[in-house]
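First up is the structure itself, then whatever we jot down about it.
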Amino acid sequence: MQALNPMDLYDIRSELSDEEQMVQDTVGRFVDEKVLPNIGEWFEDGYFPRELIPEFAELGLLGSSLEGYDCAGLNSVSYGLICQELERGDSGLRSFVSVQSSLCMFPIYAYGSEEQKEKWLPPMARGEKIGCFGLTEPHGGSDPSNMKTTAKKKGDDWVINGAKMWITNGSIADVAIVWAMTEDGVQGFLVEKGMKGFDAPEIKHKMSLRASITSSLYFDNVVVPEANRLPKVKGLKGPLSCLTQARYGITWGGIGAAQACLRELLDYTADRKLFGRPLTQTQTTQLRLAEMSRQITLGQLMSLRLGRIKDAGKLHPSQVSLAKWNNIRMAMDVARDARDLLGGAGITVEHCPIRHMLNLESVITYEGTETVHQLIIGRELTGEMAF
Amino acid sequence: MKILVPIKRTIDYNIKAKVTRDGSGVVTDGVKMSINPFDEIALEEAIRIKERGEAEEIIAVSIGVSGAQQQLRTALAMGADRAILVETEEATQPLHAARILLKIREEEGTDLVLMGKQAIDDDANQTGQMLAALWGRPQATFTSKLTFEDGWLKATREVDAGLETIAVELPAVVTTDLRLNEPRFVKMPDIMKAKRKPLDQRKLEELGVEAPAKLEVGTHEPPPERKGGHKVESVDELVAELKERGVLS
Ligand SMILES: Cc1cc2nc3c(=O)[nH]c(=O)nc-3n(C[C@H](O)[C@H](O)[C@H](O)COP(=O)(O)OP(=O)(O)OC[C@H]3O[C@@H](n4cnc5c(N)ncnc54)[C@H](O)[C@@H]3O)c2cc1C
């Protein structure tokens with residue numbers, strides 16, 4: 001009997017096509033070489049490594065699921081693997097790619113006019129233009145139907161007023177996909193950097209997702225031409241469909257974060273000798289490692305199945321909720337217990353678990369909090385809405 | 001110029017190989033396989049030569065199991081124009097591989113065979129040299145720098161005494177050393193494009209290349225476990241210990 005791969009006890013790898021394996025290997029190597037040597041320092045310094053953006057673009061990671069417009073046209077499982085490998089590096093870098101790809105390029109692709117697509121998608125794929133996605137508002141992100149940012153028609157233009165909060169990439173974005181309430185319900189607008197009355201200051205003092213930029217967006221009578229309105233969608237289903245794309249990728253991301261923690265822990269506990277024997281020779285350590293592995297394996301099965309359903313065009317958003325809830329809770333549990341098993345060493349960024357653990361505090365909150373996803377499953381089961 | 005780049009499927013260099021119970025070989029079942037790193041360097045060099053406009057076509061060729069298609073697909077995604085798989089279940093020994101490569105080279109009419117100096121599985125470091133001999137053409141081995149001029153190539157070689165630069169008339173065989181270049185990352189769109197590039201699958205038997213085995217493998221053994229070091233109190237003690245182990249006399 002050969003030994004199993006501790007990161008892949010059920011040999012998920014053998015379920016992947018040659019192309020999918022190639023995607024995983026390439027992004028994995030990129031993370032090993034370009035991210036892992038520096039990420040501890042970036043996190044500690046609260047520094048988002050913008051210099052990696054051209055490299056993400058060069059690899060084809062931006063908008064990788066889209067067809068045409070200089071995009072790679074990968075399937076959903078490949079996109080998931082990209083997220084998994086990036087988040088094995090850091091949730092902040094995965095967030096950048098999720099936002100650019102799923103929350104910005106996807107809505108332009110799915111709901112934009114041909115001119116909007118031509119104008120934005122190729123430079124966004126090349127990493128020359130950065131996007132952000134403004135849905136959450138300061139008064140309550142879990143309830144987007146209570147949207148207070150408004151867009152009012154004025155002649156051929158729209159006038160936007162309001163504020164958005166916790167917006168990834170906000171301060172470095174060239175274009176913000178802003179969801180605002182109109183007489184016709186929620187609609188999406190492309191608000192461009194430098195438009196009069198639009199400001200995007202960075203939110204400082206974060207203890208989580210430190211290698212990522214998070215901002216507020218303020219709109220004070222911002223005049224946006226009709227040509228910048230996303231013409232093909234009305235209502236909350238617009239932003240929610242984008243979130244389904246991004247959340248799907250996040251389910252894979254959680255696996256990567258958890259794997260990074262377990263990997264580090266396996267080495268550490270084998271070397272750490274206490275009471276005359278390595279930690280790995282104690283039963284409680286083994287139980288804890290085994291539990292992590294069980295949880296990771298379950299998460300892998302969920303994401304792979306989800307990816308296959310998505311590629312078959314049969315994905316239901318509630319299925320994504322179940323996996324987002326499960327896999328991020330799983331990753332958080334793994335990261336916290338890994339932190340604990342490292343003892344004092346676990347509180348510095350020399351070891352990855354505390355960084356992942358802190359990052360996951362954002363990941364469990366954004367793209368729908370854990371509670372919101374549980375309530376979505378509750379609604380699916382009972383038909384009752386209990387939000 | 002057309003370039004032939006042989007690609008061997010080997011256990012990924014990050015994986016610690018395990019010897020099978022009976023010592024007949026190493027475990028490959030369920031183990032991550034990759035392009036032999038030296039071959040990847042050869043392919044990268046070929047792509048750079050083509051990008052400089054000094055070659056028109058890069059053909060990747062692998063001799064091995066049907067699974068080696070995956071490594072050829074990776075080669076196509078990196079930038080090879082087309083690929084040939086010579087399919088066989090048997091492990092190929094250097095001389096056999098050289099004969100097969102010679103035959104493929106003849107069919108394709110390539111002027112340059114750019115290949116790894118060795119494969120990290122058997123570390124034979126023989127195939128390139130044997131191919132040059134069988135072909136009757138010059139060779140530049142352990143190359144760490146490569147340029148072309150008027151039908152000749154100039155290769156800087158890493159030799160014991162330092163660096164040696166030789167000029168070799170084409171057609172020729174070049175084998176690559178580690179420092180020749182750093183292979184690029186495969187790009188996502190190219191992974192999709194590679195699916196549409198031609199990959200020609202041929203059975204070894206149909207090639208009609210005879211090469212009875214010249215080597216017989218006795219047994220495989222894992223390297224001895226490394227023992228941890230220990231601290232000595234003084235220089236005298238260090239010298240004594242080194243003498244005891246026959247390192248100093
Ligand atoms: C680092 C980071 C990056 C982000 N990036 C983006 C971005 O790019 N774009 C964007 O639009 N948003 C972004 N967000 C915002 C994120 O989506 C919201 O924070 C999230 O949706 C929660 O909204 P909230 O913070 O207003 O919390 P609230 O909605 O106020 O929730 C507070 C608490 O109440 C719970 N709760 C809510 N409703 C109920 C209920 N009915 N019953 C019981 N409990 C309930 C929640 O689960 C939570 O625990 C980001 C957030 C973070 C932290």
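Some points to look at:
- Centre separation in Å (Cα based) which lies between the stretch A:347-373 and the stretch B:1-52: 38
- 222 nm mean residue ellipticity, helices alone, for chain B (DSSP H n ≥ 4; -39,500 (n - 2.57); rounded to 500): -8500 deg cm²/dmol
- About the centre of its Cα atoms, the stretch A:1-160 shows a dipole size close to 780 debye [charges on the beta carbon of Lys, Arg (+1) and Asp, Glu (-1) only; nearest 20 debye].
- Environment charge of B:T175, counting only residues whose C-beta is closer than 12 Å and scoring Lys/Arg +1, Asp/Glu -1: -2
- Averaged per residue, the stretch B:2-244 has 54 square angstrom of accessible surface, using a 1.4 angstrom probe with ligands and nucleic acids left out.
- Aspartates and glutamates whose Cα lies under 13 Å from that of B:K117, excluding same-chain neighbours fewer than 8 positions away: B:D39, B:E40, B:E158, B:D177
- Mean partner shielding of peptide A:137-144, defined as the number of other chain Cβ atoms within 10 Å of each residue Cβ, is 0.
- Neighbourhood charge, 11 Å Cβ-Cβ cut-off, centred on A:I12 and excluding it, Lys, Arg +1 and Asp, Glu -1: -2
- Candidate membrane-span-like segments in chain B, meaning DSSP H helices with Cα atoms spread over at least 18 Å of their own axis and a Kyte-Doolittle mean of -0.5 or above, are B:37-51, B:94-108, with no membrane implied.
- Listed by chain and number, the lysines whose alpha-carbon sits under 18 Å from that of B:K103, ignoring those within fewer than 8 places in the same chain, are B:K2, B:K8, B:K203.
- Span from the the stretch A:1-75 Cα centroid across to the the stretch A:266-316 one, whole angstrom: 20
- With both labels modelled 7 Å from their Cα along Cα-to-Cβ, the A:L274 to B:V247 distance reads 3.4 nm.
- Whole-number percent relative contact order across chain B, with pairs defined as alpha carbons under 8 Å at least 6 apart: 23
- Accessible surface of the stretch A:237-382 [probe 1.4 Å, protein heavy atoms]: carbon and sulfur percent: 56
- Nearest-ten-degree value, helix A:353-363 long axis tilted from longest Cα axis of chain A: 30
- Lys/Arg +1, Asp/Glu -1 at C-beta; the protein assembly as shown dipole; positive extreme among A:G383, A:G238, A:G40: A:G383
- Label point distance in nm, A:F387-B:E221, each placed 7 Å from Cα along Cα→Cβ: 6.9
- Volume of the Cα convex hull of chain A, divided per residue and given in Å³: 144
- With Cα atoms, 0 to 90° folded angle of helix A:317-341 axis to chain A main axis: 40
- Within straight-line reach of A:K232, meaning a Cα separation under 20 Å, sit the following aspartates and glutamates at least 8 residues removed in sequence or on another chain: A:E67, A:E114, A:E115, A:E118, A:D156, A:D157, A:E183, A:D184, A:E192.
- Highest-MSF residue in chain B out of B:V235, B:V174, B:V186 [GNM, Cα springs under 10 Å]: B:V235
- Accessible surface buried once B binds A (1.4 Å probe; total of both sides; Å²): 1900
- Whole-Å distance, taken between Cα centres, linking the stretch A:78-97 and the stretch B:104-133: 39
- Chain A - percent relative contact order, Cα under 8 Å, separation 6 or more: 18
The values are calculated or read from the model by the stated rules, or taken from the named source; none is laboratory data. This structure is a prediction, so every number in the text was calculated from the model and none was measured. Don't worry about glycine lacking a Cβ; one is built from the backbone with ideal geometry, like all the others, and counts go over all protein chains shown. With ligands, DNA and RNA removed, areas are computed over all heavy atoms of the protein, side chains included. Shrake-Rupley method; radii C 1.70, N 1.55, O 1.52, S 1.80 Å.
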